[in-house]
Structure formats: structure tokens, C-alpha cells
1. Quick check: pseudo-label points 7 Å beyond the Cα along Cα→Cβ at Leu73 and Asn206, how many nm apart are they?
2. How far apart, in nm, are the 7 Å Cα→Cβ label points at Ala323 and Ser198?
3. So how much slack lies between Asp99 and Ala161, counting 0.36 nm per residue of separation and subtracting their Cα-Cα distance, in nm?
4. Find out how many positive minus negative residues lie around Ser10, taking Lys and Arg as positive, Asp and Glu as negative, among other residues whose Cβ is under 15 Å from that of Ser10.
5. Round to the nearest 10 and give me the degree value, 0 to 90, for the angle of helix 101-111's Cα axis relative to the longest principal axis of the chain.
6. To the nearest 10 degrees, how steep is helix 27-41 against the longest Cα principal axis of the chain, on a 0 to 90 scale?
7. Given the -39500 (n - 2.57) contribution per DSSP H run of 4+ residues, what per-residue ellipticity at 222 nm results for the chain, rounded to the nearest 500 deg cm²/dmol?
8. On a 0 to 90° scale, report how tilted helix 245-254 is relative to the longest principal axis of the chain, with both axes built from alpha carbons and the result rounded to the nearest 10.
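What follows draws every value from the coordinates through simple rules; no lab data is involved. Predicted model only: the values in this text are computed from it and were never measured. We place every Cβ from the backbone using ideal geometry, glycine too, and count neighbours over all the protein chains shown.
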Amino acid sequence: MFTTKSIISSISLSLFIYLEYFNLSNILINTIISLYGFYLLFTLNKKELFSTGFLTSILWFWWISYSFIYYDLTYLIPLVLIGIGTIYGILFYFAGVIDSLLFRVIYFFSLSFINPFNFNWFKLELPFINSYLGTSKIDFFIILASSAMLIYFQKQNKFKAGIILYIIGLTILSIINKPILNTVPSELNILIQNTNISQKEKWNKNNRNKILNENFNNIENAINSNYDLIIFPETSFPIVLNHQKKIEEKLLKYSKNISIVLGALYEKDKLLYNSSYLFQDGIITVANKVVLVPFGEAVPLPEVLRDIINNTFYNGAKDYETAEKPTTFNIKDIKFRNAICYEATTDEIYKNLDTSYVIAISNNAWFTPSIQPTLQDLLIKYYSSKYNLYIYSVTNQY
């Protein structure tokens, strides 16, 4: 099942992440290797397609199992990895049920719209994010069609003619369909306050005062350096902030000299939210998360199954609550769409945009050390290109 071709195909479709992770990314190399990976997809049989989907998803998402360590569910890690691989293996397998190049083009193009359990990080067009080609759906369709055409000419013993047309077609595509980004940073003097706190340290009550005091020191330094805005990562204040009036009052006092965006929990009517807080000119604005992390913050299953999973594996914990729509902060008369971690890489958060700026705050400590922050950065770059936005990404453990 795991043939040389399927292994090479999996590596070719995944290498762009690891090259970026090791700071070895190269536009030409990314383009050639990714194209070769898609070319191979049109040469594989059903069993090889399954193994390619299996291996590729593991190479992209092995880090998901890290979070289970913090729930004392380490024993589930092998099952999680097998489950992830099997889901995507099956999805790839069906590309081979009909022996037709046209079917395979349509199938893989359709697959780019499918998100199992609402998890949308497996974007088949993403390998071209740092390449000479674009990542739009049109780009992706043409890349698939060109790969199929090359295979067709090869079967007709006209491979040289096919490769010439293939190269000419993709060269034209790279010239005429490359997105032009014209969004520039805002005129505000903004401090991106990334942090490096482990997940265990962050939520250890003994470390709370130390973390809070470091945050306060960073705010004071930002004020002394004449910044207009300081942005902290997701849950950078590891508390239910609206229950901590003294801390709120201190932040409100700071906010008369600098605008502050930070991540913390928010509770209302006994419901818990993962939120961003804006402190500005003595006023608090709270933006609750709209899109939750599947199986991390919410179980995307019917209520009966969701309760069983929460009771069995998460000690009866409830899913986080969500806001009905995204929030746009008005910071010193400039609008910024708010996005918290996973939702910064979903289309939902970019609906009804009335600004070119986004503040995306994340806590990657659940999954580090791993390629997860790298993959997230590539996805944020993908959405920045897709919607022509300038995204201020602020993370803990990047």
C-alpha cells in the first residue's frame, strides 16, 4: 500500500511546511516540488491514493495529538493519528474509484472545499503559497487540469509536447493570475507583544502574578516608547478577566495613555467565552470568539455524542460559547477586525469586512514545539492574500 510513489507524493505535498519551518523556503523549489506532488496524484491507483492521503495528513497534522497531553489522554495519541490519517486516506481513495483524469481533476478540486469535522486547515492549494503560482481556486483548478493534461499527453506518447504546453500554461498563469497585495500597515505605531510561555506554566496559579506583572511591565514600556497600541496574544491574561475588577481598573488606567488589545476569558450568565478585550480611553470592549477549535473548544457532533465525549475525556467540561458575528474594533479611528487563533484561518471571520486590517491573536503553546505555528503562519498568509488584508498576528510560542 505504501509504495515509493505514494511516499514521494506525500513528501512533495508537505515539504513546503518543513522548508518554511527550517527557514529554507525557496520559491522555485516550492513550485517544482509541489507541482510534482500533484502530478503524481494523477498516476496513483486507489490503494496508493489512500496511503498518500494518510501520510500527507500525518505530515501536516501530527502535532494535533500534543494537546492530549494536557488532558492526561496521552494513551489516545496513536488512535488520534491513525484516525486523522484514515479520514484523509479515505477522501483521497475515492479520487481513484473512477478511472478518468477529468473525474480526478473535479474530485480534487471539490476536495478543496471539504472540511471534515469543520477543520479546514487541509487546503490542497496551500503548497503554492510561497511559489510562482497563486492559491486562488482558479489557480488550483488550472494546476490540476494542467497535471491531468500532462498525463494525457504522456499516455498518447507525446510527453515532450505535453511538457512544453504544461510549462507554457503555468508560466502564463504565474504572470496573469498572481494576486497583487496593496494593503500596507496602518499608520498607528503598534507593538506586537509575542510571548513564550508554556501551556503548563500559563495556567499554573502559582505563576499568575508573575505573568500579569510581566504584562503590566510590557504595557508601561510601550507607553514610555510612545506606542499607540500594544497587542498581546490569546489568553495572555490567564484569568476570567471580567471577574477581576482591580486588574480591569489598572488596565483602564493604562488605556488613557495607550490602547491595549489582549486575550482572556470572559464569563456572562455562567457561560464561558474565549475573548479579546480592547482597553481604550478608559472604556472596555469585549469581542467573543465566533469560530471554535473542533475538539479543542467545541465538539462538532450531535449533542448526545458531544456530551459523551466531554464526560468521558474532558471531565464533564462544557464547550465554549460563541458570539453570533465577528467584532470590529475601532482603535484611534482605524478599524481592525478581531480574530482569535483558529478563527483567523476561517472564512467566517472575514465576512462583511469593512476594513483592511485584522488583529489575530493566538496561543500556540498547546502544540509546541512543532510545525503548527509555521502552518498557521502560512494559512494566515493565504487569507491575507485571498482577502487582500494586512493581518497583525500575535502569538504565544511562535
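1. Going by the 7 Å Cα→Cβ label model, 2.7 nm.
2. 3.3 nm
3. Numbers: separation 62, 0.36 × 62 = 22.32 nm, distance 2.33 nm.
Working it through step by step, the gained length comes to 20.0 nm.
4. Numbers: positive: Lys5, Lys47; negative: Glu48.
In short, +1.
5. 10 degrees
6. 60 degrees
7. On the way: 12 runs with 172 residues, N = 398.
Here the helix-only value at 222 nm equals -14000 deg cm²/dmol.
8. The two axes meet at around 80 degrees.
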